[in-house]
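**Q** Before anything else, here's the structure in question.
The values are calculated or read from the model by the stated rules, or taken from the named source; none is laboratory data. Predicted model only: the values in this text are computed from it and were never measured. Using ideal geometry, Cβ is built from the backbone for each residue, glycine included, and neighbour counts are taken over all protein chains shown.
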Amino acid sequence: MRHAIVVGHSTGGSVATALAEQRRDLVTALALIDTGPRLDAFISDGPVGQLMFTPVVGPLLWRLRTDGLLRQASSTAFSSPGYQIPQQLVDDVRGMTYHAFTATSRAADEYLKRRALPDRLAPLGKPMLVIFGEDDRRWRSSSAADYTAVPGARVELLPGLGHSPMLEDPPRTAALLLAFTALHATQAD
């Protein structure tokens with residue numbers, strides 16, 4: 001692969017940013033979905049999510065996790081009334097180890113503490129789309145405006161959606177991503 005338009009959701013947006021920093025030649029454009037630009041824009045994982053990082057309690061909850069507990073912990077990722085968290089998402093979380101879950105979160109926090117994403121992205125000169133659910137319960141949606149510091153960044157706030165617009169409203173999210181990739185795919189060749 002010689003060129004890529006990279007899309008990342010939440011912590012995946014930090015991964016996409018790190019890839020763009022390390023492989024400027026590969027990444028031609030980026031789309032970030034509900035990726036907090038800086039650590040102080042974080043709201044919460046919710047009460048169950050916070051307990052997961054508590055010594056003794058977290059590992060115990062992880063071992064005893066039920067589908068209901070995983071759905072409750074994941075509920076802050078959605079804001080649409082009546083949204084049913086897909087079983088596949090629950091199964092994917094269940095397939096993670098406790099160490100992978102906590103280490104990923106801690107590493108993402110550390111990455112943001114060292115330098116905010118807009119500060120990392122601005123010097124790269126890559127086209128960028130930022131999609132944010134206005135009703136995100138994990139990251140302040142107002143923080144999406146921080147990305148306007150990146151030259152040429154386009155920020156789209158989606159009313160009525162939360163942290164996971166690609167699951168809450170796939171057509172609306174896909175339309176933005178498809179238009180962005182169509183525009184920048186020709187520039188990658």
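**Q** What pairs come out if I take residues in segment 58-83 that are outside any helix (DSSP H, G or I) and pair them with residues that are among the polar types (S, T, N, Q) whose C-beta lies under 7 Å away, six or more apart or interchain?
**A** Listed by first residue and then by second, the contacts come to 78/164.
**Q** Does segment 112-122 include one or more residues that are touching a strand residue (DSSP E or B) at 6+ places or on another chain (Cβ under 9 Å) and surrounded by fewer than 19 Cβ atoms within 10 Å (Cβ to Cβ)? Spell out how you get there, then give the answer.
**A** Taking segment 112-122 first, the residues touching a strand residue (DSSP E or B) at 6+ places or on another chain (Cβ under 9 Å) are 112, 117, 121.
From what's left, surrounded by fewer than 19 Cβ atoms within 10 Å (Cβ to Cβ): none.
Looking for residues that are touching a strand residue (DSSP E or B) at 6+ places or on another chain (Cβ under 9 Å) and surrounded by fewer than 19 Cβ atoms within 10 Å (Cβ to Cβ), one finds none in segment 112-122, hence no.
**Q** Then there is this: Could you tell me which residue of segment 153-175 is nearest to residue 118 (Cα to Cα), considering only residues that are in contact (Cβ under 8 Å) with a residue 40 or more places away in the chain and surrounded by fewer than 20 Cβ atoms within 10 Å (Cβ to Cβ)?
**A** Taking the candidates together, the pick is 166.
**Q** Do we have any residue at all in segment 25-38 that's surrounded by fewer than 18 Cβ atoms within 10 Å (Cβ to Cβ), closer than 18 Å to residue 147 by Cβ and either assigned by TED's automatic domain parsing to the domain that holds residue 163 or out of contact with any strand residue (DSSP E or B) (no Cβ under 8 Å at 6 or more places or on another chain) (or both)?
**A** Checking segment 25-38: at least one residue is surrounded by fewer than 18 Cβ atoms within 10 Å (Cβ to Cβ), closer than 18 Å to residue 147 by Cβ and either assigned by TED's automatic domain parsing to the domain that holds residue 163 or out of contact with any strand residue (DSSP E or B) (no Cβ under 8 Å at 6 or more places or on another chain) (or both).
**Q** With the checklist (1) under 15 Å from the mean Cα position of the chain (by Cα); (2) free of Cβ contacts under 8 Å to residues at least 60 places away in the same chain in hand, flag the one item residue 131 doesn't pass.
**A** All conditions are met except number (2).
**Q** If a residue must be assigned to a loop (DSSP other than H, G, I, E, B) and of a type outside the set (Val, Ile, Thr), how many such residues does segment 19-52 contain? Can you show your working first?
**A** Applying the first criterion (assigned to a loop (DSSP other than H, G, I, E, B)) to segment 19-52 yields 23-26, 34-38, 43-45, 52.
This time we only want the ones that are of a type outside the set (Val, Ile, Thr), so: 23-26, 34, 36-38, 44-45, 52.
Qualifying residue count, segment 19-52: 11.
**Q** Turning to a different aspect of this structure: Scan (1) touching a residue at least 60 places away in the same chain (Cβ under 8 Å); (2) within 25 Å of residue 166 (Cβ to Cβ) for the single condition residue 100 breaks and write down its number.
**A** Checking residue 100 against (1) touching a residue at least 60 places away in the same chain (Cβ under 8 Å); (2) within 25 Å of residue 166 (Cβ to Cβ), the one that fails is (1).
**Q** Considering segment 146-189 alone, what residues qualify as being over 20 Å from residue 77 (Cα atoms), within 17 Å of the chain's Cα centre (by Cα) and of a type in the set (Gly, Ala, Ser)?
**A** 153
**Q** Collect the residues in segment 125-139 that are out of contact with any Asp or Glu (no Cβ under 8 Å at 6 or more places or on another chain) and hydrophobic (A, V, I, L, M, F, W, C), keeping them in residue-number order.
**A** 128
**Q** Just to verify a result, which residue in segment 138-152, among those that are under 12 Å from residue 123 (Cα atoms) and at pLDDT 95 or above, is surrounded by the most Cβ atoms within 10 Å (Cβ to Cβ)? Steps first, please.
**A** Going through segment 138-152, the residues under 12 Å from residue 123 (Cα atoms) turn out to be 149-152.
Narrowing further to those that are at pLDDT 95 or above: 149-151.
Numbers: 149: 14, 150: 24, 151: 13.
The residue in question is 150.
**Q** Yes or no: segment 123-135 includes at least one residue that is over 25 Å from residue 166 (Cα atoms) and assigned to a helix (DSSP H, G or I). Full working, then the answer.
**A** Residues of segment 123-135 that are over 25 Å from residue 166 (Cα atoms), as a first pass: 123-125.
Remaining after also requiring assigned to a helix (DSSP H, G or I): 123-124.
Yes - at least one qualifying residue is present in segment 123-135.
**Q** Here is a further query. Filter segment 121-161 down to the residues that are of a type in the set (D, E, K, R) and in contact with a Lys or Arg (Cβ under 9 Å, 6 or more places away or on another chain) and list them by number.
**A** Listed by number, the residues that qualify are 126, 146.
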